[in-house]
1. Only residues in the stretch A:77-98 that are on the phi < 0 side of the Ramachandran plot count as the first member; pair them with residues that are of a type in the set (Lys, Arg) and at pLDDT 95 or above, Cβ under 9 angstrom, at least 6 apart or cross-chain, and list the lot.
2. Return yes when B:Lys32 is modelled with pLDDT under 85, touching a Phe, Trp or Tyr at 6+ places or on another chain (Cβ under 8 Å) and of a type in the set (D, E, K, R) and no when it is not.
3. With respect to B:Leu138, determine if the residue is more than 8 Å from chain A (Cβ to nearest Cβ) and over 23 Å from A:Pro97 (Cα atoms).
4. Any chance you could count how many residues in the stretch B:97-122 are touching a Leu at 6+ places or on another chain (Cβ under 6 Å), surrounded by fewer than 24 Cβ atoms within 10 Å (Cβ to Cβ) and in a helix (DSSP H, G or I)?
Amino acid sequence: MKTGRLLAKNLGEMAAILPCAFILIGLFEAWVKRETVEKHLGEGAGWKSYLWVILLGGITLGPMLVALPVASALWKKGAALSVVTAYLGASAVCRIPMTIFEASYLGVPFTLVRYATAIPLVLLSSVGVGRALRDRMLPP
Amino acid sequence: MEFLLVTLAVIVLSFAADKGKTLAGLKGGIRKFLNILPALMVMLILASLALALVPEDLISRSLSGGNRYLAALLGLAGGSLAVMPGFIAFPLGGILRNQGVPYMVIAAFTSSLMMVGILTFPVEKQFFGTRFALVRNLVSLIISALVALAMGLVFGELLP
């Protein structure tokens, strides 16, 4: 009984967010040229590509379920695996709406400590994960 | 609601700029949504079931007092399992904080909630394969634990 009620509530929330999110992703894919992303996020695009994905992660709306298809789209457009991994991490760590909620309920110091720890760790581990798995992935 | 308005605004702007691209984008987005729907339904059913089975006060009772390192581990596990939006998780974190739950426990929960996804694993696997999903979630769990330790260090919670 309670499960049914929770399911209905969760379904309602998802129904309000996800179709919009996927439409935005579809439009993003239609507008953003592969070459542009390749230039900024491709293999050998350098450290600046990580600034790009932190920015992109920050403006991502919605939970991991929304970030995953965006990451998949980036990967299909030719972004490096380490950069895609960094995007997934950044979208979990520095989403702007989430950060606003966090700082208002747990305080700005809490947010600052989390950023100072998580962002460097996300970037370092993404480079490692990208290098380790790059050649062992199925083609996107 | 704001999200809906933003989406509508983007569609209108995109349509004004390029009809063909917009239609292609809408079609692509809807197709992707339908592809992910079955995995999404499984996740929703599991999450609702888990939330219904755990008594509400058990969560706050087990996280305050006692061994804070054990509580932080519980926070990591709970955050990895749970799926909830930030606008629920952070108010909840504020409530727990007021009940005396240490920052490191709250950070363990909110950080793993955002970074680790056991229930979203099937979806991640579908996009990137089992190996990548496994490695990324493990690394994210370790990062969440380190974030919790940093909180404990900064807020002086590491020693009782």
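1. Once the first residue is on the phi < 0 side of the Ramachandran plot and sits in the stretch A:77-98, its partners that are of a type in the set (Lys, Arg) and at pLDDT 95 or above give A:Thr85/B:Arg136; A:Leu88/B:Arg136; A:Gly89/B:Arg136; A:Val93/A:Arg114.
2. On the way: modelled with pLDDT under 85: yes; touching a Phe, Trp or Tyr at 6+ places or on another chain (Cβ under 8 Å): yes; of a type in the set (D, E, K, R): yes.
Yes.
3. Values: more than 8 Å from chain A (Cβ to nearest Cβ): yes; over 23 Å from A:Pro97 (Cα atoms): yes.
Criteria met by B:Leu138.
4. Within the stretch B:97-122, residues that are touching a Leu at 6+ places or on another chain (Cβ under 6 Å), surrounded by fewer than 24 Cβ atoms within 10 Å (Cβ to Cβ) and in a helix (DSSP H, G or I) number 0.
The values are calculated or read from the model by the stated rules, or taken from the named source; none is laboratory data. Nothing here was measured: the structure is a model prediction, and the numbers come from that model. Methodologically, a virtual Cβ is constructed for each residue, glycine included, from the backbone with ideal geometry; neighbour enumeration extends over all protein chains shown.
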